Amino acid sequence: MIVFTGATGHVGANVIHMLLERGERVRAVIGKILAHLGLPTRAPPRAPARLDTFLQTA
């Protein structure tokens, strides 16, 4: 884990903004690459929890 601290021990707002902006750009590039390869660009939907499986292990 990377921790950014300034002279006061707090992360500056400009650093947080930079990291968020960079994350958006990386996400966009990865989406373009996956689309070009014909792969899904979004995660599959989550399945509902199965209570019967949970009760069998208890």
Checklist entry - Only one of (1) among the hydroxyl-bearing types (Ser, Thr, Tyr); (2) surrounded by 10 or more Cβ atoms within 10 Å (Cβ to Cβ); (3) at pLDDT below 75 is not met by Thr8, so which one is it? => result (2)
Checklist outcome for this item: Note on the range 30-48: residues among the hydrophobic types (A, V, I, L, M, F, W, C) and either surrounded by fewer than 10 Cβ atoms within 10 Å (Cβ to Cβ) or modelled with pLDDT under 85 (or both) are Leu37, Leu39, Ala43, Ala47
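The values are calculated or read from the model by the stated rules, or taken from the named source; none is laboratory data. Source: prediction; values computed, not measured. A quick note on method: Cβ atoms are made from the backbone with ideal geometry, for glycine too, and the neighbour counts reach across all protein chains shown.
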